[in-house]
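Beneath this line is the structure, given in structure tokens, with notes to follow.
The values are calculated or read from the model by the stated rules, or taken from the named source; none is laboratory data. A quick note: this is a predicted structure, and the numbers were derived from the prediction, not measured. Note: ideal-geometry Cβ built from the backbone for every residue, glycine included; neighbour counts use all protein chains shown.
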């Protein structure tokens, strides 16, 4: 358990973060972590319906929610600080005493299937899923967190109970709390009220994805008004010592309206309305990607222009003033993220669960500050020499021009 | 250092590609009184391929070749236009 006392705040936040997530699911169980997350809000013995769970927290003006990721599942509540005990009580109740009623399983299955279909109607999101399929082919990291229509249709209550029993155990859990709270009282409350089982049983280790050997293009033909494109390459994990250099590379390349992609592709060339870059990091892998939303006629031209920007990162070091701007951007975003008790609780819990130790914000900012232009170029040389992968959604009859653009 | 002749011929190549794009766009928009045939579009692309400038920047000739194939295969006009815009962009990149 990690606690940050923030006496000047009026709220307290608590996060229950479980190691796991969609990465640990085999093809048969794809989507089960996300399914469980939905079901845990459907009712417990003491609070038999979703309304009673929501009422308990919203009745004091608080918020309660959850999210499933590839390597973790988090349940959280933010409440006025005098109701911290209530926040803990409701969260402990849903993760330890959910009823998983068969009727709720069937109702929620329909909701999740609709959610999966909805993503396919949102090409800006769907293209990222396709891109991740290319980055991590035949691996759980390359699958939608919510699973597939086939797996969600097939999952039964026994699968769900078995998976929940294996993963919702104390060794898989980190609890984070931040805000105006009494630390000793919080620890006592956790010891007395949390009734998850200790010891692990039936969990499988996460397998690393296989190496990518060649660039690939995946085109999904859709009669969309815009083309939606994601291209990028495998990059660094969150354990890698160069991860901060990668973050700064990403900021220079495509985060915000002063990034190279925005200024050159959108403002100077007028090629795309939306162009930005992003990273994703996991324990042993990650990627850096670029999204382009573009008039279909300009799609390949825009890809070529992005390729030019990627090349320029490997051709010369970024200027000191550009690096300084990127550092201020990164440090500022981190500080803003930690404004809320919720942000602090997530920050601490995430570090403890995934990194196995906690850095203070000053230590983290010092690591960002220590990155040099040579570090960024070294990371660019390394990451951008990997085979590029590109997913495209748009009215395209064939992929040859796209393959030519990335040398696939 | 580039000579004036180089930039002039690059401008000429760009102009021919734009002319081919204009023909394609006219088809896509169903504009104009006269019907534009695939043969005319193919001819406009072949005009581009005749210029040696298209070999001075990477991939320009290959995009033009792709565009020509797309016309022969009856691909939609927007798709041909996209490939020609890629050729135009590659020419600009090579500048």
Exercise for review: Sort out which residues of region A:267-278 are modelled with pLDDT of 95 or more and either under 17 Å from residue B:85 (Cβ atoms) or crowded, with 21+ Cβ neighbours inside 10 Å (or both), and write them in order of number.
Suggested key: A:275, A:276, A:277
Review point. When you scan region A:204-225, how many residues do you find that are crowded, with 16+ Cβ neighbours inside 10 Å and either at pLDDT 95 or above or within 13 Å of residue A:132 (Cα to Cα) (or both)?
Key: 8
Point to revise | Whichever residue in region B:72-89 is surrounded by 24 or more Cβ atoms within 10 Å (Cβ to Cβ) and without any contact (Cβ under 8 Å) to a residue 40 or more places away in the chain and, among such residues, is nearest to residue B:28 (Cα to Cα) | key: B:79
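Pick from A:231, A:236: which is assigned to a loop (DSSP other than H, G, I, E, B), assigned by TED's automatic domain parsing to the domain that holds residue A:364 and buried (at least 20 other Cβ atoms within 10 Å of the Cβ)?
A:236
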Point to revise | Total residues in region A:304-332, condition within 15 Å of residue A:253 (Cβ to Cβ), over 25 Å from the mean Cα position of the chain (by Cα) and either modelled with pLDDT under 95 or within 14 Å of chain B (Cβ to nearest Cβ) (or both) | key: 7
Practice item. Of the numbered conditions (1) away from chain B (no Cβ under 11 Å); (2) closer than 21 Å to residue A:408 by Cβ; (3) surrounded by fewer than 23 Cβ atoms within 10 Å (Cβ to Cβ), residue A:287 fails exactly one; give the number of that condition. Key: (3)
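What do you reckon, is residue B:52 within 14 Å of the chain's Cα centre (by Cα) and more than 8 Å from chain A (Cβ to nearest Cβ)? Step through it out loud before you land on a result.
Details: within 14 Å of the chain's Cα centre (by Cα): yes; more than 8 Å from chain A (Cβ to nearest Cβ): yes.
When the stated conditions are applied, residue B:52 passes them.
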Study note, to complete from the structure: The one condition residue B:57 fails out of (1) part of a helix (DSSP H, G or I); (2) within 12 Å of chain A (Cβ to nearest Cβ) is (1)
Study note, to complete from the structure: Residue set A:105, A:79; condition within 24 Å of residue A:156 (Cα to Cα), in contact (Cβ under 8 Å) with a residue 60 or more places away in the chain and either part of a strand (DSSP E or B) or in the same structural domain as residue A:32 (by TED's automatic domain parsing) (or both); output residue A:105
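Based on this model, can you work out whether residue A:251 counts as under 24 Å from the mean Cα position of the chain (by Cα), more than 26 Å from residue A:386 (Cα to Cα) and surrounded by 21 or more Cβ atoms within 10 Å (Cβ to Cβ)? Don't jump to the end; show me each part of the working.
Details: under 24 Å from the mean Cα position of the chain (by Cα): yes; more than 26 Å from residue A:386 (Cα to Cα): no; surrounded by 21 or more Cβ atoms within 10 Å (Cβ to Cβ): yes.
Considered against the rule, which asks whether it is under 24 Å from the mean Cα position of the chain (by Cα), more than 26 Å from residue A:386 (Cα to Cα) and surrounded by 21 or more Cβ atoms within 10 Å (Cβ to Cβ), residue A:251 comes out as no.
Restricting attention to region B:60-95, which residues are in a loop (DSSP other than H, G, I, E, B), more than 8 Å from chain A (Cβ to nearest Cβ) and closer than 17 Å to residue A:219 by Cβ? Working first, answer last.
Residues of region B:60-95 in a loop (DSSP other than H, G, I, E, B): B:73-76, B:94-95.
Cutting the leftovers down to more than 8 Å from chain A (Cβ to nearest Cβ) gives us B:73-74, B:94-95.
The one that is in a loop (DSSP other than H, G, I, E, B), more than 8 Å from chain A (Cβ to nearest Cβ) and closer than 17 Å to residue A:219 by Cβ: B:73.
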